[in-house]
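Nothing in this text is a laboratory measurement; each read-out follows from the coordinates by a stated rule. In this text, all values refer to a predicted model and were calculated from it rather than measured experimentally. Every residue, glycine as well, gets a Cβ built from its backbone with ideal geometry; the counts of neighbours run over all protein chains shown.
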Amino acid sequence: MANRVQIPTSNSALIAMIADEDTVVGFLMAGVGNVDLRRKTNYLIVDSIKQIEDTFKEFTTREDIAVVLISQYVANMIRFLVDSYNKPVPAILEIPSKDHPYDPAHDSVLSRVKYLFSAESVASGRR
Amino acid sequence: MEVVDHETPSLENGKTDKEVEENANVLQFMDSMDAYLTLIHSLSSTLRRGWLELASARHSMGASRVNTVLLDHTSHPAATSLLVTQDEGKVDSGKPHFTLCKWASSSNENSLLGEKQSSQDKLHPQLRHRGSTELYEEKTSSENKASREVDDPVQKERSKSLSMFGTLVSPKLRAAQLSFEAALETLVEIANMRSEMLCAFDQVNMKLAGRKDEK
């Protein structure tokens, strides 16, 4: 009870996107696009790695964003940042892109849990 | 002669309660991981359909009409958002739960309108008599009218979302919009399954760590 993580609840949280043009355009057509008064958006059509890093850090610290969609090939460019992120909200979801199909081996969530299936963890449990 | 030992904990098929709980945690983890991968696979096929429809729309309308240059950069709120609550399933879960609110304000009104219409139909069932065909057609048309009324605000929101590409858009673009809406629903399920998987993983991890400490 003392270690319970408090989840920031919200009734109108945003879905942010860091992806290629077609994916972003598609989800914008589905109505997730938000532009605030300072003309800041909740999406990024990927360009440079530096911009991706800065945007990822921004989206994961904004309180109005609950989910961040990131194309897996983009996440691979900033893998160290994505793997080191461990907060429950916003949730980081790696999605496939047109030219790069989804690879479960690179998914940060599956990487976190896969050690349960490794020979080392099984052996250490038996000792 | 049987000797009953009252000191050992209750056994179920040779397992203690603790082991049964651990097995349940492991099963929950495996189930949520399987569901996560299945949902990702479903998302991939939905997105592929959406990209194909978008490419078809771009081909028929022209690349200049389906372009990021046309995106609306004026201040506007998102029409589709998320409701984030804390999952109260377990006392110490600390697990978020996401609910998709599509076309936000219009969908709340629609669900109320739809429920009202269906409850009215239940209270006044139509008796079969001569001319029942006409009655059936009238009832069908009134139901259709009600569903159209419910769908109209949502359709208006959808059209508004596509208006950045012009007034008349290709049917393929509308189809792409629906595909990406379906993808959003799958994504919210994935987000919930992800938090369930991580929660189950933490439970299993804690048990394993506890076992190592005991040894």
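Going from the residue with the fewest nearby Cβ atoms within 10 Å to the one with the most, B:22, A:58 rank A:58, B:22. Give me the one-decimal nm value for the distance between modelled label points at residue B:52 and residue B:75, 7 Å along each residue's Cα-to-Cβ direction. About 4.3 nm, to one decimal. Beta bridges assigned by DSSP with both partners in the stretch A:14-124 are antiparallel in approximately 5 percent of cases.
Would you order A:84, B:56 from fewest to most other beta-carbon atoms within 10 Å of each residue's own beta-carbon?
Numbers: A:84 8, B:56 16.
Neighbour counts put them in this order, fewest first: A:84, B:56.
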